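S.K.: Here's a structure for you.
Read the figures in this text as sums done on the coordinates, not as results from a lab. From a predicted model like this one, the values you see are computed outputs, not experimental measurements. All Cβ positions, glycine included, derive from the backbone under ideal geometry; neighbour counts span all protein chains shown.
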Amino acid sequence: MAFIEINNLTFNYPNNINAPALDELSLSVEKGQFIVLFGPSGCGKSTLLRLLKKEIQPHGVLSGDILFNGHTLDEEGSGSREVGFVFQDPENQVVADQVLHELAFGLENQGLPTNEMRNRIAEMVHFMGAEHLLHRKTHELSGGQKQQLNLASVLLMQPSVLLLDEPTAQLDPVSSREFLDMIVRLNEEFGLTVIMAEHRLEEVISVADKIVMMDNGRVQIAGNPKQVVNHI
Ligand code: ADP
Ligand code: ADP
């Protein structure tokens with residue numbers, strides 16, 4: 001059994017029941033894989049990510065299932081806390097006025113002891129080479145820096161899978177490259193499982209283990225970048 005198994009998933013938004021956003025979609029994800037969901041706007045990438053995150057509730061209109069480590073999303077032990085999510089808009093996810101407070105926010109909510117919190121934040125900031133940004137105001141950061149901050153905040157919660165919805169769509173090419181490099185390092189050095197939606201194939205062709213080409217809520221082809229490119 002794979003780490004994440006998606007079996008024949010069909011999902012309709014309640015206000016849109018004649019056109020399924022996901023249509024009998026199946027996909028398996030092994031631990032440590034870097035998966036890219038690729039396809040045109042409206043093909044269902046965000047819907048799939050939002051279901052994995054439990055942001056939209058699997059009820060009624062949904063058939064098929066999603067299993068995390070063999071457990072359905074409803075069962076205990078598969079809570080959304082295990083899932084980290086970075087959105088497209090860097091602005092959307094920042095809540096605090098200072099970088100340090102932003103990083104501490106989730107850990108404080110978890111009731112982590114101050115010492116451990118400091119250590120974890122220091123380690124993360126060091127890993128990202130962002131020590132110089134720790135005491136900056138969040139509104140002074142560039143889009144790329146904000147997106148790195150969003151990533152760091154999410155990683156501090158130690159998710160078992162990182163979901164990203166076109167995270168570089170609003171970044172300039174340099175920040176975009178830096179952000180992707182960071183994701184690659186997390187995947188390669190720590191074995192973090194990554195599922196990323198992207199509509200620009202050239203951005204991700206060299207980094208993905210598996211590219212899932214979607215259209216109309218379905219998987220068209222899934223395979224390693226070579227297989228997928230040969231098919232296009
Ligand atoms: P993508 O992320 O690939 O652009 P989406 O998952 O956002 O695709 O959209 C898949 C389909 O679901 C599209 O037809 C879209 O119009 C529809 N959809 C997305 N969000 C909603 C929503 N909140 N309510 C109704 N339909 C939606
Ligand atoms: P993305 O392509 O990144 O999924 P979209 O631009 O498709 O983003 O959607 C942006 C927002 O609009 C999302 O919150 C989505 O749920 C909502 N949305 C998309 N399509 C529809 C739709 N047909 N009806 C209602 N809401 C929608």
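S.K.: List every residue whose amide H lies under 5 Å from the amide H of Asp215, counting only residues 5 or more places away in sequence or on a different chain, with H placed 1.01 Å from N in the peptide plane.
M.R.: Under 5 Å from the amide H of Asp215: Gln220.
S.K.: So which lysines pass the test for Lys210, namely a Cα distance under 28 Å, with those fewer than 8 places away in the same chain ruled out?
M.R.: Straight-distance partners of Lys210: Lys31, Lys45, Lys53, Lys54, Lys146, Lys226.
S.K.: Quick check on the chain: of the DSSP beta bridges with both residues there, what percent are antiparallel, nearest 5%?
M.R.: 50 percent
S.K.: What percentage of all Cα-Cα pairs in region 140-232 are separated by more than 15 Å?
M.R.: So the pairs more than 15 Å apart make up 63 percent of the total in region 140-232.
S.K.: Under a point-charge model restricted to the Cβ atoms of Lys and Arg (+1) and Asp and Glu (-1), what is the dipole moment magnitude of the chain relative to its Cα centre, in debye to the nearest 20?
M.R.: With Lys and Arg at +1 and Asp and Glu at -1, about 100 debye.
S.K.: Given a cut-off of under 8 Å on Cα pairs at least six residues apart, what relative contact order in percent is computed for region 74-232?
M.R.: Rounded, it is 26 percent for region 74-232.
S.K.: Convert each backbone phi in region 66-74 into a coupling constant with the Karplus relation 6.51 cos²θ - 1.76 cosθ + 1.60 (shift: θ = phi - 60°), then list the ³J(HN,Hα) values in order as whole Hz, x for Gly and Pro.
M.R.: Each residue of region 66-74 in turn: 10, 10, 9, 6, x, 9, 6, 5, 7 Hz.
S.K.: Starting with the fewest neighbours, write out Thr72, Thr193 ranked by other beta-carbon atoms found within 10 Å of each beta-carbon.
M.R.: The most exposed by this proxy come first: Thr72, Thr193.
S.K.: At 7 Å along the Cα-to-beta-carbon direction for both Asn92 and Val229, put a label point, then send me their distance in nm to one decimal.
M.R.: In this crude label model, Asn92 to Val229 measures out at 3.0 nm.
S.K.: Follow-up. Give me the angle, in degrees from 0 to 90, between the Cα long axis of helix 173-190 and the longest principal axis of the Cα atoms of the chain, rounded to the nearest 10.
M.R.: 80 degrees
S.K.: Please give the net charge around Phe3, taking every other residue with its beta carbon less than 12 angstrom from that of Phe3, where Lys and Arg add +1 and Asp and Glu add -1.
M.R.: -2
S.K.: Quick one: if you stick a label point 7 Å off each Cα along the C-beta vector at Asp181 and Met124, how many nm between them?
M.R.: 2.1 nm
S.K.: If Rh is defined by the Kirkwood formula over all Cα pairs and Rg also comes from Cα, what ratio Rg/Rh do you get for region 95-198?
M.R.: 0.94
S.K.: Treating the angle as unsigned and between 0 and 90°, give the value, to the nearest 10°, between the Cα long axis of helix 99-109 and the longest Cα principal axis of the chain.
M.R.: Tilt relative to the chain: about 70 degrees.
S.K.: In degrees from 0 to 90, rounded to the nearest 10, what is the angle of the helix 114-127 Cα long axis to the longest principal axis of the chain?
M.R.: The answer is roughly 70 degrees.
S.K.: Can you compute the helix-only [θ] at 222 nm over the chain? Use -39500 (n - 2.57) per DSSP H run of at least 4 residues, normalise by all residues, nearest 500 deg cm²/dmol.
M.R.: Using -39500 (n - 2.57) per qualifying helix, the result is -10000 deg cm²/dmol.
S.K.: Rank the residues Glu166, Glu82 as a footprinting-exposure proxy: fewest other Cβ atoms within 10 Å of their Cβ go first.
M.R.: Going from least to most buried by this count: Glu82, Glu166.
S.K.: Moving on to the next point. So what is Rg over Rh here for region 1-128, counting just Cα atoms and using Kirkwood for Rh?
M.R.: Expressed as Rg/Rh, it is 1.03.
S.K.: Given the Cα-Cα distance of Asn8 and Leu112 and 0.36 nm per residue of separation, how much length would full extension add, in nm?
M.R.: Answer, rounded to one decimal: 33.5 nm.
S.K.: Based on the Cβ-Cβ distance of His71 and Ala169, what FRET efficiency does E = 1/(1 + (r/R0)^6) give at R0 = 25 Å, to the nearest 0.05?
M.R.: 0.20
S.K.: Using every pair of alpha-carbon atoms in the chain, split the distances into 5 Å bins beginning at 0 and state the percent of pairs per bin, rounded to integers.
M.R.: It works out to 1, 6, 14, 18, 19, 16, 12, 8, 4, 1, 0, in whole percents.
S.K.: Where the centre of each part is set by its Cα atoms, how far does region 136-198 sit from region 4-61, in angstrom?
M.R.: 21 Å
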